[in-house]
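Engineer: This is the structure, below, for whatever I ask next.
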Amino acid sequence: MTLTSRAPRPAASAVVLAAAAALLVPAAPAHAAPAVPTYEVKINLTAAALDASHAPSAAVKAAFGITGSAKARSYAYYDTDGLALDAQGWSVRLRHKDGSSFEETYKKRFPVTNGDIGAALDAAEAAGFDSGDTAYKAEVDWGYAKQTLSFSTEKSHSAKGYAGTTLPTSTTGRGWLVNDVPGELADWGSAGWGKGVLQQSRAHGPVTAKVYGGAWGASDDASIEVLPVVGADGTGTEYVVELSLKTDSAADAADLHADAVALADSKGWLYHGDILKTRLILDRY
């Protein structure tokens, strides 16, 4: 008989230790894919687009498919005097549309450099904003020369006792916004940072705009907002006129942007630049 050698079997204790060690090795974290944004083309128009009553002129309405009557909405942004939230790319807005509940909007912005939306989405994903977080809506704001990626979430508050588009006092509004602050902002950078900053904030505003709706080209959600703001020196009134064209398609957004800029420019209505309403209101109020 020929005896064959057999490899020694590991002791039972060794098998148990190996299994336990395997359990201690963390599984690779699951990452959601980058978010898929919608698009909002935002083109500023000059005062030449307004009639004597500071409403879009009949020619402007006809050119951009604006058929709806004016709807009022008032809003204010909350930040510190030093704009600490804005410095971190956050904006917090309280808005009241006539006949509706208050809207509380918390928005985080990411810059888009040289049109590279993919890179902005990657930066947002690294910061925790991706397709797995359904509480936030991803959107690319496409202005005259600038693009910005934003992630926003909204909450509501009863408007009982508030007529029209009236806003609450700064203190009351701040209390609502602090109570409803989402975790992403509350603990931005460090535990409790965002909530603490919001507790020290005040209302910048209010401002009251009129919005005229319609549809144009590939966008079935077109509008022109006319926003009166105090002048840069604290006196008088200036009018910010913004044409908005919303779509889910990047290709349609590119076409809408090119066509809107070309048409507005040909009519002498185009403002050759980008006006960020959020920063304008933060600075002037």
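The values are calculated or read from the model by the stated rules, or taken from the named source; none is laboratory data. None of these values were measured; they are calculated from a predicted model. Don't worry about glycine lacking a Cβ; one is built from the backbone with ideal geometry, like all the others, and counts go over all protein chains shown. With ligands, DNA and RNA removed, areas are computed over all heavy atoms of the protein, side chains included. Shrake-Rupley method; radii C 1.70, N 1.55, O 1.52, S 1.80 Å.
Engineer: Do we find that ALA14 is out of contact with any helix residue (DSSP H, G or I) (no Cβ under 8 Å at 6 or more places or on another chain), of a type in the set (A, V, I, L, M, F, W, C), at pLDDT below 95 and open to solvent by less than 70 Å² (accessible area, probe 1.4 Å) in this structure?
Structural biologist: Values: out of contact with any helix residue (DSSP H, G or I) (no Cβ under 8 Å at 6 or more places or on another chain): yes; of a type in the set (A, V, I, L, M, F, W, C): yes; at pLDDT below 95: yes; open to solvent by less than 70 Å² (accessible area, probe 1.4 Å): yes.
Yes.
Engineer: If you don't mind, another one. Taking into account only those residues within the stretch 177-192 that are surrounded by fewer than 16 Cβ atoms within 10 Å (Cβ to Cβ) and not in a loop (DSSP other than H, G, I, E, B), which is nearest to the chain's Cα centre (by Cα)?
Structural biologist: Top of the filtered list is GLY183.
Engineer: Determine which member of the set ALA19, ALA27, ALA7 is exposed (fewer than 14 other Cβ atoms within 10 Å of the Cβ), assigned to a helix (DSSP H, G or I) and modelled with pLDDT under 95.
Structural biologist: On the way: ALA27 fails: assigned to a helix (DSSP H, G or I); ALA7 fails: assigned to a helix (DSSP H, G or I).
Result: ALA19 is the single residue among ALA19, ALA27, ALA7 that is exposed (fewer than 14 other Cβ atoms within 10 Å of the Cβ), assigned to a helix (DSSP H, G or I) and modelled with pLDDT under 95.
Engineer: Now for a separate question. Only one of (1) open to solvent by less than 60 Å² (accessible area, probe 1.4 Å); (2) modelled with pLDDT under 95 is not met by LEU50, so which one is it?
Structural biologist: (2) is the only condition that LEU50 fails.
Engineer: From the residues in the stretch 207-229 that are within 20 Å of TYR77 (Cα to Cα) and open to solvent by less than 30 Å² (accessible area, probe 1.4 Å), which one is farthest from the chain's Cα centre (by Cα)? First the steps, then the outcome.
Structural biologist: Taking the stretch 207-229 first, the residues within 20 Å of TYR77 (Cα to Cα) are 207-211, 225-229.
Right, trim to open to solvent by less than 30 Å² (accessible area, probe 1.4 Å) and you get 207, 209, 211, 225-227, 229.
Values: VAL207: 18, ALA209: 18, VAL211: 18, GLU225: 17, VAL226: 19, LEU227: 18, VAL229: 21 Å.
So the residue we want is VAL229.
Engineer: Output the residue which, of all residues in the stretch 53-100 that are of a type in the set (S, T, N, Q) and within 17 Å of VAL229 (Cα to Cα), is least open to solvent (accessible area, probe 1.4 Å). Write out each step before concluding.
Structural biologist: Step one: list which residues in the stretch 53-100 are of a type in the set (S, T, N, Q), which gives 53, 57, 67, 69, 74, 80, 88, 91, 100.
In the following step, the residues that additionally are within 17 Å of VAL229 (Cα to Cα) were identified as 53, 74.
Numbers: SER53: 83, SER74: 6 Å².
Selected residue: SER74.
Engineer: Filter the stretch 117-162 down to residues that are in a strand (DSSP E or B) and in contact with a Lys or Arg (Cβ under 6 Å, 6 or more places away or on another chain) and give me whichever is farthest from GLY183 (Cα to Cα).
Structural biologist: Initially, the stretch 117-162 is screened for residues in a strand (DSSP E or B), giving 137-142, 147-157.
Cutting the leftovers down to in contact with a Lys or Arg (Cβ under 6 Å, 6 or more places away or on another chain) gives us 141, 148, 150-152.
Numbers: ASP141: 24, THR148: 22, SER150: 17, PHE151: 14, SER152: 13 Å.
The residue in question is ASP141.
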